[in-house]
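Everything on this sheet refers to the single structure shown next.
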Amino acid sequence: MDALSTATHAGPGARSAALDAINLTDADVYVPGVPHELYKRLRHEAPVFWHTAQADGPGFWAITKYEDLVRISRDPRTFSSARRSALYRETEPEDLANMQLMMLNMDPPKHTRLRGLINKGFTPRMVALLELRIREAATKIIDAVADKGECDFVANIAAELPLQVIAEMMGIPQADRHMIFDWSNQLIGIDDPDYGGSLETGKQVSMQMYMYANQLAVERKDKAGDDLISVLMNAELDGEKLTELEFDLFFLLLAVAGNETTRNLISGGMLALIEHPDERAKLIADPSRIASGVEEMLRWVSPVMHFRRTAMRDVEIRGQKIREGDKVMIYYISANRDEEIFPEPYRFDVGRTPNEHVAFGIGEHFCLGSNLARMEIRVMFEEVLRRLPDIELAGPAARLRSNFINGIKRMPVRFTPERQRSGAGA
Amino acid sequence: MKIRVDYDLCEGNAVCMKLCPEVFEVGDDDRARVINKNPGEDLRAKVEAAVRRCPRQALAIED
């Protein structure tokens, strides 16, 4: 890493040696924080960058510019999510077929049809119908901590709401929600020892989730409702119903995607407001600006930092020749700091307009839960900023050890207990 | 300007309607409808913004 800082005034030979030293895949690099300097360097010096092979996988193209990420995302026929999955981790041949049953790892036309099965549950209209229940859940969550004066923001506030909402939508009993929480942590945090991370754990947890999903399905079989699980079970694809495995993998995707990402946005967004008190003050003074603040939090945090594609043919981007079969990593975390798109990209500005971030992706695989996520986040910050406006760190935030998810595991906070606040003058 | 909606992609996000209500409408069926089949050049900037911002990239201008 020292080589990078001394290379700025060196000639092209030394510069390319310094670029070769860049490693975007080392999870340890992300523990102190997202390595924005590395991404910035690539955007400026090598926007379509051949990243050298690492112990856990082959060399790949690192795409760090907004425009290129959009182009790639819009072209699933050239840049496939199915061929070797959409994940950074290399998949064993025996596991690939199972991965390809998950919507995330599908291409059109199969993806199109599967997505069409459940997207009606996630439209702005459907989500608007949930607002009351979401606000009730957020209120209860704050009620539980409001007079304590301190808590772990992640476990007690950020994690609770998305868990409750997706459990509600999927008809999962409230009593089981913490099981989903634990499983989800173990699946996403497989790099992080705190979560008992290992590929073996991941497999075991997946099996437990499948068994749980099957049980829910059996219970729902004769009592079909309009919850997501009932919808999935009755859904048809190519005239056939989802297989048990397809159903299980779908459940896995929703239980993880609907939980982890939103939690990390709420935590990361809160941290951004704590670190930028002027911006926080703007939202407290005028809560109608919170929606705009949420968009800036999305750009700022970009909880999903990357996804992967595989080239289906030879294609050229910015003069770089990508070969058929090449691994291509698209970095949302970098696209959302692209200086050509976002003036002063390293400035957290709750009023940023326009704010055409790609934190939810763009195109075929655009986040299905985006409207639900926006609703949850907005409501949560409306409640937190109104009831715990002086919330501050009581200790350092502990970051997730991951090159994939920009996450916070623990964030001790303190605040004036609500009872004390309401006793104070107006 | 002729505008095409790819109904394999359109999911009723209604970003188009928000950016250009003169041309796009999303109803109870959660699908975008082009309500002005031949908008004038004065609307081009707004239509182009809708095309660019559609989260699923479901819109296209066919001149």
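Derivation of every value follows stated rules applied to the coordinates shown; laboratory data play no part. These numbers were taken from a predicted model, which means no experiment stands behind them. For neighbour counting, all protein chains shown are included, and Cβ atoms are generated from backbone atoms with ideal geometry for every residue, glycine included.
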Seminar exercise, completed: Nearest-0.05 FRET efficiency for residue A:132 and residue A:285 at R0 = 25 Å, using Cβ-Cβ distance, is 0.45
For this session: Could you check how many percent of all C-alpha pairs in segment A:125-178 are farther apart than 14 Å?
Result: 56 percent
Exercise. Can you give the average number of partner chain beta-carbon atoms within 10 Å of each beta-carbon in peptide A:109-116, as a whole number?
Worked result: 2
Exercise. What GluC sites (Glu not before Pro) in segment B:16-63 are in a loop by DSSP, with at most 15 other Cβ atoms within 10 Å of the Cβ?
Worked result: B:22
Problem set entry | Averaged over B:48-58, number of beta-carbon atoms from partner chains that fall within 10 Å | 4
For this session: Give the dimensionless ratio obtained when the Cα radius of gyration of the protein assembly as shown is divided by 2.2 N^0.38 Å.
Result: 0.98
Problem set entry | Relative exposure of A:297, A:375, A:233, judged by other C-beta atoms within 10 Å (fewest first) | A:233, A:375, A:297
Exercise. Residues in segment A:110-154 near a label at residue A:419, defined as backbone nitrogen under 20 Å from the 7 Å Cα→Cβ point?
Worked result: A:139-152
For this session: Identify the residues of segment A:53-74 with backbone N under 17 Å of a label point that sits 7 angstrom from the Cα of residue A:96 along the Cα-to-Cβ direction, or state none.
Result: A:57-60
Exercise. Taking segment A:329-426, which trypsin sites (Lys or Arg not before Pro) meet the DSSP loop condition and have no more than 16 other C-beta atoms within 10 Å?
Worked result: A:347
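May I ask for the Kirkwood hydrodynamic radius of segment A:278-335, worked out over all distinct Cα pairs and given in angstroms to one decimal?
The answer is 14.3 Å.
Rounded to the nearest 500 deg cm²/dmol, what is the calculated helix-only ellipticity per residue at 222 nm for chain A, with -39500 (n - 2.57) per DSSP H run of length n ≥ 4?
-14000 deg cm²/dmol
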For this session: With 5 Å bins from zero, work out the P(r) of segment A:19-140 over every alpha carbon pair and list the percent per bin.
Result: 2, 9, 13, 14, 16, 13, 13, 12, 6, 3, 0
For this session: Starting from 0 in steps of 5 Å, tell me what percent of the Cα-Cα pairs of segment A:275-426 lands in each bin.
Result: 2, 8, 13, 17, 19, 15, 10, 6, 5, 3, 2, 1, 1, 0
Problem set entry | Peptide B:6-14 - average C-beta neighbours from other chains (10 Å radius) | 5
Exercise. If the viscosity is 1.567 mPa s and the temperature 4 °C, what translational diffusion coefficient in µm²/s does Stokes-Einstein give for segment B:2-62 when Rh comes from Kirkwood over Cα pairs?
Worked result: 117 µm²/s
For this session: Write down, largest first, the equivalent ellipsoid semi-axes of segment A:315-360 in whole Å, where each equals the square root of 5 times an eigenvalue of the alpha-carbon gyration tensor.
Result: 29, 11, 8
